[in-house]
Amino acid sequence: MAAIAIGESEWEVAIPEKPLKDKLYFENLKAKVIDTNLCSRCLTCACICPVDGITAVDGVDFPDYEAKCTDCGACVRVCPRFVYEPKSGLGSYIEFIAGRSKRFAGQDGAMVTELLVSAMEMGMIDRGLFAGRDEKWAIEMFHVRDPQQLAITTLGGTKYTFADVLPALKKAVRFTKRGVGVVGTPCIVSGVRKLQQEFPIFREKVKLVVGLFCTENFHYEDISRYLKEKGVDFDKLIKTDITKGKFIATMTDGEVKFKVKELEEILPSGCNVCTDFTAVESDASVGSVGSAPGFSTVAVREEPAKKVIEYIKEKGYADFGEADTSQLNFLIGHKKEREKNITKPI
Amino acid sequence: MKKVTVPEQSLGEKVVKHAAAIRVAMKESVYPLTATVFYPRERKKMPDNFRGYLMFDPDKCISCWECAFVCPANAIQMKEAPNKRYYPTVDYGKCIFCHFCVDSCSGGALKTTKIHDVAYKDMGEMLTLTEEMIEEPEIIREDKKLVEYEIDEQDLHLKRTREVDTLFVEVTPPVEIPMVSQCIEPGSCLGCRICEEMCESGAISSIIERQVIKMAIDRDKCTGCGLCVKECSMQILRLVRK
């Protein structure tokens, strides 16, 4: 007979200290992160909120918090920017390589898809969280549990808008048997790490965290309005890309190009204080800078990702090549400069 | 291939068998042996735990939704009552009378009856609202006799008695395995105290001392209803045997 796991009848929960003593934890979060324009919209708080009250319609907010908030402090515990320790640079890595998947098509070498699907085949994870998009290029989250689901072609490729990855993560963690794989921008990766640091469930269940190289991200409303002004027709849009300082929107009947600098006017405030380009806290970071066209640059940082890369090599699922870290220096430096934008709280 | 042939019989055997056949025919013509219950003048006696029309007691309901979750035919929908609680409604157009809802009801709010003869004018009427399940439905009874099936070694007999069966019986609930709620992963507790808010028996308590919330489940007060297990957003509460 298997031993029955019996839990505790009495337990203790440590709660963080409130900077503003008489206010609810969410009010503290609002005062310290959201109102000071530090919020990255990673939605880690929305993921953990026990009453699912935190939304991100027009900036992160908790409508009706006075009635609903249980004042548990979970949002403050997991927020990567409540006590903000900006990360920057290349981070530590085991291997720095370029890869091109033979099985999937994506932005460059489709290595993010390849990593997650291979991890699924290895049995390391049983579901991966993918960001897909609808015909209006708005983001939808997909729980991919079988590689065949990737026939939905919109799952691969970069989206330059925020995705609600973390609110989907809680559900994924609840239903998974083996583990979950997540992809996200550096802020999302930091959020996942914070969740794992605070709560053992996420430590056990989130097995693979793939980070993306990220200079900035845009709110869907802002970027769609901006692109429309530039003459981009969403019905004909095939792919968006940023290369060599230019934003390129490829459509069925031509291209729209403009300098990325022009997008600074719609740059979200949370990105303006972000210094992490390479997602230094991830298990593996993937991006296009640093490798030949058609290849993805992969910085393998942790043991789980290393195992997946070895599996891919063994099965011959991808071509590998050289990646050059020096090409990243410009963008790493560019983001490091944003450190000056962070105003230290009084 | 096997061929079926008429068995060889002697004249004596044939006479005996024919006589037996005539005897049965004579008996049936005078006192026919049928298994027909003359409903509605007669009613068959149903066992006490017969899975029939459902009755509901809102005082015992803890709004745990278990009946709606367990229903394999999706016949049970929870509707909000004026007192802000959710009570079940049953769509008899879908119900397969498995009575998983009765078995799953931890408070014993859903009860079975021996009513099996309900007629509806249309499909919409088959959706039985909560308030219609509380009061005993009005039934026009024409039955005078109660029929019981008796099966002996040879045959089925109908035993008729001059009595009228009560259709609403109190069934003694099965002996339940006592369960108690426990936290299986205290490290992942948010401290939101939703469990404490949900608990109707007051078994869960919390004390905030400086930067620590002390949570406790009183094993004696916990009824094992499972409301806290359902509501816990981190899914770290489980029902275990007491």
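The values are calculated or read from the model by the stated rules, or taken from the named source; none is laboratory data. Owing to the predicted nature of the structure, the values given are computational and were not obtained by experimental measurement. FYI the Cβ positions are ideal-geometry reconstructions off the backbone, even for glycines, and counts take in every protein chain you see.
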Exercise. In region A:169-187, is there at least one residue being without any contact (Cβ under 8 Å) to a residue 24 or more places away in the chain, out of contact with any Lys or Arg (no Cβ under 7 Å at 6 or more places or on another chain) and surrounded by fewer than 18 Cβ atoms within 10 Å (Cβ to Cβ)?
Worked result: yes
For this session: Having 2 or more residues that are out of contact with any Pro (no Cβ under 8 Å at 6 or more places or on another chain) and closer than 18 Å to residue A:226 by Cβ is the bar; report the strands (runs of 3 or more DSSP E) wholly within region A:239-346 that clear it.
Result: A:246-251, A:254-259
For this session: Take residue A:130 and decide whether it is among the aromatic types (Phe, Trp, Tyr) and in a strand (DSSP E or B).
Result: yes
Exercise. Residue A:320: touching a Leu at 6+ places or on another chain (Cβ under 8 Å) and of a type in the set (A, V, I, L, M, F, W, C), yes or no?
Worked result: no
Exercise. Considering only region B:223-242, how many residues are out of contact with any strand residue (DSSP E or B) (no Cβ under 7 Å at 6 or more places or on another chain) and either within 10 Å of another protein chain (Cβ to nearest Cβ) or of a type in the set (D, E, K, R) (or both)?
Worked result: 6
Exercise. Can you find a residue in region A:278-289 that is β-branched (Val, Ile, Thr) and either buried (at least 24 other Cβ atoms within 10 Å of the Cβ) or without any contact (Cβ under 8 Å) to a residue 40 or more places away in the chain (or both)?
Worked result: yes
Exercise. Applying the selection to region A:86-127, what residues are part of a strand (DSSP E or B) and acidic (Asp, Glu)?
Worked result: A:95
For this session: Find the helices (runs of 4 or more DSSP H) located wholly in region A:33-78 whose residues include 1 or more that are away from chain B (no Cβ under 14 Å) and either out of contact with any His (no Cβ under 7 Å at 6 or more places or on another chain) or not basic (Lys, Arg) (or both), and list them.
Result: A:65-68
Exercise. From the residues in region A:199-246 that are in contact (Cβ under 8 Å) with a residue 40 or more places away in the chain and of a type in the set (Phe, Trp, Tyr), which one is nearest to residue A:123 (Cα to Cα)?
Worked result: A:199
For this session: Determine, yes or no, whether residue B:125 is loosely packed, with under 14 Cβ neighbours inside 10 Å and closer than 19 Å to residue A:13 by Cβ.
Result: no
For this session: Could you tell me which numbered condition residue A:21 fails, if it satisfies all but one of (1) surrounded by 15 or more Cβ atoms within 10 Å (Cβ to Cβ); (2) within 14 Å of chain B (Cβ to nearest Cβ); (3) basic (Lys, Arg)?
Result: (1)
Problem set entry | Hits in region A:195-223 - residues which are within 14 Å of chain B (Cβ to nearest Cβ) and either at pLDDT below 90 or over 21 Å from residue A:132 (Cβ atoms) (or both) | A:195, A:196, A:197, A:198, A:199, A:200, A:201, A:202, A:203, A:204, A:205
For this session: Collect the residues in region B:207-222 that are of a type outside the set (Lys, Arg) and more than 7 Å from chain A (Cβ to nearest Cβ), keeping them in residue-number order.
Result: B:207, B:208, B:209, B:218, B:220, B:222
